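Chemist: One structure follows; several queries about it will come next.
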Amino acid sequence: MDVYDNELPDRDLDPRLRGGSPERLPLADEYVGEPRPVRRRILLPAVLFVATCASTYQGRGLAFAAALMFILTTHELGHFIQAVRYRVPTSLPIFLPMPFSPIGTMGAVIAMQAHVGNRKALYDIGISGPLAGLVPALACSIIGLRLSEVVPVDGRQALSLGEPLLFKLLSLLTLGPLDESQAVFLHPLAYAGWVGIFITGLNLIPIGQLDGGHVLYALLLRRAHRVATFMLFAAVVAVAVFGYWGWSVMLLLLFLMGAKHPPTADDNVPLGTGRIILGWLTLAFVVVGFTPQPFYLVGR
């Protein structure tokens, strides 16, 4: 009633409660659904974008930096465009530079108020980023592998890439089978494609606020909490048993964010058969797109 008296004085609304329920006013959907101006920070995202361009260029050169930034930008724009479509308040994409690392970045994020949209909005926002970013990632991988060289293994110690199953398949189809005396010297485009596939697989792990967490909650609603909690503790066990200590910071962040996903403004909106099938297929991409050991040393 306070909303009606103070904020909607010019509206021709019936102030009586709908069906005797104290939860909402008539025509509340019209009021909530109206677009409100969103004040987005521009300077910080712009500075971080330029810094990430510089840090990716520093490590692998112009071709790698341009390809990887295009992949990451496409991924984040997939989220952003859907958030604007559903009128869910969201930030501009925030890129995370990481100088002196093998890839020069920790990826990019987008901050949104997921609880403002409904179940379908959460699904579309969550799934659109990975699907959008995967297209240029696959293109860069295929083109880059064609430009890569097969070289003899010289036995010297070097930092090697762990290959997700999908990248291994693309390499096999493009370059053919290799024996133990051969290795692939990746073209920068192929390296950027590898990063894009890996980041897509990582983001689709169904935990908390990761893209996979959004999709899983949209599919299972509150039942997703048990799955996400199991996945998080399984990751902790895997790190401890197999010694993947490089994931410690990531696990800490996931614990701080929480495995459980908050509800949407309306969890009762149906997704439809097509979205459900696509959602499960997209979550299954983790199996072929992610590797727990992305970098390792080989040779003497």
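The values are calculated or read from the model by the stated rules, or taken from the named source; none is laboratory data. Note that the structure is predicted; figures quoted are calculated from it, not measured. Positions of Cβ are backbone-derived with ideal geometry, glycine not excepted, and every protein chain shown enters the neighbour counts. These area figures cover heavy atoms from the full protein model, side chains too; ligands, DNA and RNA do not enter into them. Shrake-Rupley method; radii C 1.70, N 1.55, O 1.52, S 1.80 Å.
Chemist: Per residue, how many Å² of accessible area does the range 192-300 show with a 1.4 Å probe?
Modeler: For the range 192-300, the per-residue accessible area is 51 Å².
Chemist: Let me ask something else. Using θ = phi - 60° and the Karplus relation 6.51 cos²θ - 1.76 cosθ + 1.60, list the HN-Hα couplings for the range 43-48 in order, rounded to whole Hz, with x at every Gly or Pro.
Modeler: Once rounded to whole Hz, the list reads 5, 4, x, 5, 5, 5.
Chemist: Name the long-range amide H neighbours of residue 160: under 5 Å, sequence gap of 5 or more, or other chain; modelled H, no Pro or chain starts.
Modeler: 296, 297, 298
Chemist: Which far-off residues, 5 or more places away or on another chain, put their amide H under 5 Å from the one on residue 183, with H placed in the peptide plane?
Modeler: Those lying under 5 Å, H to H, from residue 183 are 151, 153.
Chemist: Given +1 on the Cβ of Lys and Arg, -1 on the Cβ of Asp and Glu, and no further charges, what dipole in debye does the range 88-172 carry about its Cα centre, rounded to the nearest 20?
Modeler: Roughly 200 debye for the range 88-172.
Chemist: I would also like to ask the following. Please report, as a whole percent, how much of the solvent-accessible surface of the range 67-119 comes from carbon and sulfur atoms (probe radius 1.4 Å).
Modeler: Carbon and sulfur atoms account for 70 percent of the accessible area of the range 67-119.
Chemist: Could you look at the range 169-291 and say what percent of its accessible area is carbon and sulfur, using a 1.4 Å probe and all protein chains?
Modeler: 71
Chemist: If you don't mind, there's one more thing I want to ask. What whole-number distance in Å separates the alpha-carbon centres of the range 164-184 and the range 49-101?
Modeler: Using only Cα atoms to place each centre, the spacing works out to 28 Å.
Chemist: Separate question: Enumerate by residue number the trypsin sites (Lys or Arg not before Pro) in the range 55-162 meeting two conditions: DSSP loop (anything except H, G, I, E, B), and at most 15 other Cβ atoms within 10 Å of the site's Cβ.
Modeler: Within the range 55-162, the qualifying trypsin sites (Lys or Arg not before Pro) (loop, at most 15 other Cβ atoms within 10 Å) are 156.
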